[in-house]
Ligand SMILES: Nc1ncnc2c1ncn2[C@@H]1O[C@H](COP(=O)(O)OP(=O)(O)OP(=O)(O)O)[C@@H](O)[C@H]1O
Ligand SMILES: [Mg+2]
C-alpha cells in the first residue's frame, strides 16, 4: 500500500473496514514511519490511524520521541521512511502545497512564540491575512471571535508582554485556530505555565475536544487526559509501546516501561 495516493487511501480504508460501516476515514495516518537523526533512530515503525474528531494524548519519558512524532505530522521534521497522510492527502515535500498543509495542521508549543511588537489581535490576524489572503476586516472579526472563544476578547489591543503566560498561550491557540485547521497538535502547552494558569489553557483545549477537533496532545496532565482524551499513546525509545483508552492506561498499564513511568509521574 506504500504507493497509494490520497484517493487510493480512502478506498483502502473503506475496503478494510467494510464490516464496520459506516467507516470513519483517518484524519491522520502514519504508515511505517521511521525517522533518524544521523545514526540515531528517533521514530521506529510508527503505524497510527487517528480518525476525525479523536483526541489523542501522547505520554512517555523524556527523549522517547513525543515532540518528534508531532513535528513529523506537520513536516517540521522530515521522515526517512514511510508515509504520512492528513485527511487522505499525502504530506507534500515542499512549496505551496506544504504551506497549505501546514495551515491545515495547527501547532501549539510550550513557548508561545507570539510576535512581541504586534497586538494580540494582530498576532491572530496575521495568518489569515498573509497566508489565507483574507480581507483585513474579515480577519479582524475572526480574530475577535476567536479571542472571545478563548476568553480574552478584552485583551485584544494589548501586547504579548502585557499578558500572563496562560493568556498568551490562549492567544497562541486562537492564532492556530484562525487558520481553520483540520488538526491541532499540542506539545506540552502547559508545562511552562505557573500552576494556577494551567487549567485555563486545559479548559480551552477541552472545549476544542468537545467541539470535535482532531487533536494530538503531548501532555502529562492526567486530569485532562482522563477527562478529554479518547486514546493514550505511550512512547518509549522512539516506538509506540501502548495504545489504549485513558482509563485502561492509567489503571492497568501493560508494560513495565509504562508502569515505571506512571509511578514517577504519580509520585510528585
Ligand atoms: N534535531 C535533533 N537532532 C538530533 N537529535 C535530536 C533532534 N531532535 C531530537 N533529537 C533526539 O531525538 C530523541 C527524541 O526527542 P524528542 O524531543 O522527540 O523527545 P521527547 O519525547 O519530546 O522528550 P521531552 O519529554 O524531553 O520533550 C531524543 O533522544 C533527542 O535527543
Ligand atoms: Mg518534547
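Just one of the listed residues (54, 80) is in contact with a strand residue (DSSP E or B) (Cβ under 9 Å, 6 or more places away or on another chain), more than 19 Å from residue 236 (Cα to Cα) and within 14 Å of ligand 1 (Cβ to nearest atom), and it is 80. Does residue 216 meet the test of being within 16 Å of ligand 2 (Cβ to nearest atom), crowded, with 22+ Cβ neighbours inside 10 Å and closer than 25 Å to residue 131 by Cβ? Criteria met by residue 216. Residues in the range 172-194 that are within 15 Å of residue 55 (Cβ to Cβ) and more than 16 Å from ligand 2 (Cβ to nearest atom): 5 in all. If we scan the range 92-101, do we find a residue that is surrounded by fewer than 21 Cβ atoms within 10 Å (Cβ to Cβ), touching a residue at least 24 places away in the same chain (Cβ under 8 Å) and within 16 Å of ligand 2 (Cβ to nearest atom)? No: zero hits. Out of curiosity, is residue 25 surrounded by 13 or more Cβ atoms within 10 Å (Cβ to Cβ) and at pLDDT below 95? Considered against the rule, which asks whether it is surrounded by 13 or more Cβ atoms within 10 Å (Cβ to Cβ) and at pLDDT below 95, residue 25 comes out as yes. Is the range 260-267 home to any residue that is more than 14 Å from ligand 1 (Cβ to nearest atom), surrounded by fewer than 21 Cβ atoms within 10 Å (Cβ to Cβ), under 25 Å from residue 63 (Cβ atoms) and under 18 Å from the mean Cα position of the chain (by Cα)? No, there is no match, as no residue in the range 260-267 is more than 14 Å from ligand 1 (Cβ to nearest atom), surrounded by fewer than 21 Cβ atoms within 10 Å (Cβ to Cβ), under 25 Å from residue 63 (Cβ atoms) and under 18 Å from the mean Cα position of the chain (by Cα). Filter the range 188-204 for residues that are farther than 13 Å from residue 221 by Cα and surrounded by fewer than 18 Cβ atoms within 10 Å (Cβ to Cβ) and give the result. Answer for the range 188-204, where residues must be farther than 13 Å from residue 221 by Cα and surrounded by fewer than 18 Cβ atoms within 10 Å (Cβ to Cβ): 194, 196. Residues that are more than 18 Å from residue 51 (Cα to Cα) and either more than 16 Å from ligand 1 (Cβ to nearest atom) or in contact (Cβ under 8 Å) with a residue 40 or more places away in the chain (or both) were ranked within the range 219-228; the one that is surrounded by the fewest Cβ atoms within 10 Å (Cβ to Cβ) is 223. Across the range 174-187, the number of residues qualifying as touching a helix residue (DSSP H, G or I) at 6+ places or on another chain (Cβ under 7 Å), closer than 23 Å to residue 159 by Cα and surrounded by fewer than 24 Cβ atoms within 10 Å (Cβ to Cβ) comes to 2. Within the set 73, 152, 120, the sole residue that is touching a strand residue (DSSP E or B) at 6+ places or on another chain (Cβ under 9 Å) and either surrounded by 16 or more Cβ atoms within 10 Å (Cβ to Cβ) or touching a residue at least 60 places away in the same chain (Cβ under 8 Å) (or both) turns out to be 73. Only helices (runs of 4 or more DSSP H) whose full extent lies in the range 77-174 are considered here, and the ones with at least 3 residues that are at pLDDT 95 or above are 120-130, 136-149. Selection of the range 161-217 for residues being within 16 Å of ligand 1 (Cβ to nearest atom) and in contact with a strand residue (DSSP E or B) (Cβ under 7 Å, 6 or more places away or on another chain) yields 185, 186, 187, 188, 189, 216, 217. Take the residues of the range 28-48 that are buried (at least 22 other Cβ atoms within 10 Å of the Cβ) and over 11 Å from residue 80 (Cα atoms): which is farthest from ligand 2 (Cβ to nearest atom)? For the range 28-48, the residue satisfying everything is 29. All of (1) touching a helix residue (DSSP H, G or I) at 6+ places or on another chain (Cβ under 9 Å); (2) more than 11 Å from ligand 1 (Cβ to nearest atom) hold for residue 94 with one exception: (1).
For residue 62, the requirement of being more than 16 Å from ligand 1 (Cβ to nearest atom) and either in a helix (DSSP H, G or I) or surrounded by fewer than 19 Cβ atoms within 10 Å (Cβ to Cβ) (or both) is not met.
The values are calculated or read from the model by the stated rules, or taken from the named source; none is laboratory data. Given the structure is predicted, the values throughout are model-derived calculations rather than measurements. Reconstructed Cβ throughout: ideal geometry from the backbone, glycine too, with neighbour counts over all protein chains shown.
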